[in-house]
1. Could you put Met160, Met95 in order, starting from the residue whose Cβ has the fewest other Cβ atoms within 10 Å?
2. Helix 110-122 versus the longest principal axis of the chain: what angle, 0 to 90°, nearest 10, using Cα atoms?
3. State, to one decimal in nm, how far the label point of Val188 lies from the label point of Arg141, with both points 7 Å from Cα in the Cβ direction.
4. May I have the extent of the alpha carbons of the stretch 171-290 along their three principal axes, as whole Å values ordered from largest to smallest?
5. Kirkwood hydrodynamic radius for the chain: how many Å is it when counted over pairs of different Cα atoms?
6. Tell me the relative contact order for the chain as a rounded percent, counting alpha carbon contacts under 8 Å between residues six or more apart.
7. Count charges around Leu211 for me, please; just the other residues with Cβ under 11 Å from its Cβ, Lys/Arg as +1, Asp/Glu as -1.
8. Would you work out the relative contact order for the stretch 39-142, in percent, from Cα pairs under 8 angstrom that are 6 or more residues apart?
Amino acid sequence: MTAPLLDISDLTVSLPAPDGSRLFAVRDLNLRIGTGQIAGLAGESGSGKSLTSLALLGLLPAGARTSGRSGFEGRDLLSLSERDRAAVRGRRIAMIFQDPMTALHPMLSIGRQMTEHYRHHFRVPQAKALRRAEEMLDLVRIPDPKAALGRSPHEFSGGMRQRIAIAMALCCEPSLIIADEPTTALDVTVQAGILRLFERLRAELGLSVLLITHDLGVMSAVADEVSVMYAGRLVEAGPRADILTRPRHPYTHGLLGALPGAGGAGGMAPIPGLPPSITTHPSGCAFHPRCSWSQPACRGESPALQPVTPERRLACPVDPLAPKETLS
Ligand SMILES: Nc1ncnc2c1ncn2[C@@H]1O[C@H](COP(=O)(O)OP(=O)(O)OP(=O)(O)O)[C@@H](O)[C@H]1O
Ligand SMILES: [Mg+2]
């Protein structure tokens with residue numbers, strides 16, 4: 001990859017515990033996204049996906065602390081002043097959430113909302129802002145964009161509202177979109193449409209996307225690279241097709257086995273046990289209590305995420321493919 005657009009290195013996010021100690025929600029996370037790339041971040045509930053994205057935007061809850069670096073367009077997002085961060089947010093990096101109603105005000109017209117955002121960053125007259133909004137609605141295939149500008153969010157279906165939220169995010173020409181579970185609330189057909197939209201925007205605008213989801217099925221549709229997160233750490237990362245067809249971490253195996261249609265006879269085989277809460281991350285490899293490959297060594301040190309091929313990284317000492325493929 002040429003210089004990545006986003007280069008997160010050793011990102012750690014901690015939150016205050018009631019007893020005054022620190023709880024580590026994200027640990028030593030390394031992730032890069034190239035221009036025009038769709039990077040997937042997957043993991044079960046509570047693994048730290050949302051806190052990772054909130055850390056990038058400076059939107060962490062009160063009392064949270066970060067360390068590490070997050071290079072973006074020549075600057076470190078983690079050490080920007082509040083003022084500079086506000087200028088990046090929405091302008092260079094846009095965020096899309098699961099529920100488009102968090103981005104859309106229920107009472108205001110689509111046109112008013114889309115233009116306020118744009119005018120705030122670009123200081124242009126309303127007529128120019130409206131033209132831009134109309135263009136973006138057209139780009140995400142909202143029928144009759146001019147008329148749509150005069151309507152309110154409740155006059156659209158859930159899938160269309162998510163398209164409108166994406167159009168709003170695109171108004172300010174961001175280079176990166178962070179989409180946190182953008183399709184979870186939508187039915188599968190609409191979900192497929194939104195994913196295709198991300199693909200088209202990447203091809204047409206060179207947009208980069210960080211796609212966060214607990215659903216590896218969603219990843220398999222569009223992501224170029226997939227990173228799998230467990231209890232605050234990345235456990236496996238690499239090209240999507242490679243990870244999905246030849247997973248090497250037992251947790252990735254488990255996530256894939258839990259997808260509908262996996263494991264033969266259409267059977268889903270959920271991973272036994274529950275993901276640990278932030279207050280009870282097990283020592284060593286955090287996955288070891290749920291892992292059928294677990295060995296005594298897994299309870300000692302937490303395994304580091306290391307390259308196992310030029311393109312793949314893995315944090316598991318019990319890797320059945322290791323003898324053949326580990327780099328010497
Ligand atoms: N404001 C907060 N205060 C305290 N703990 C929090 C806060 N936000 C998140 N956490 C904890 O940090 C951990 C990571 O949370 P995060 O929201 O990043 O998970 P996630 O991977 O996005 O999960 P989900 O798939 O459910 O959205 C969880 O254990 C969560 O309980
Ligand atoms: Mg989340």
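The numbers here are math on the coordinates, done by the rules we state, and not lab data. Here the structure is a predicted model, which is why all the values come from computation and not from measurement. FYI the Cβ positions are ideal-geometry reconstructions off the backbone, even for glycines, and counts take in every protein chain you see.
1. In increasing order of surrounding Cβ atoms, one gets Met160, Met95.
2. With both axes taken from Cα atoms, the answer is about 80 degrees.
3. About 1.9 nm separates the two model spin labels.
4. Taking the Cα atoms of the stretch 171-290, the three principal extents are 46, 36, 27 Å.
5. Details: mean 1/r = 0.0479 Å⁻¹.
This gives a value of 20.9 Å.
6. Numbers: 616 pairs, mean separation 62.3, N = 328.
19 percent.
7. Numbers: positive: Lys49, Arg202, Arg240; negative: Asp180, Glu181, Glu199, Asp215, Asp224, Glu225.
Taking every other residue near Leu211 into account, the sum is -3.
8. On the way: 48 pairs, mean separation 14.4, N = 104.
Result for the stretch 39-142 is 14 percent.
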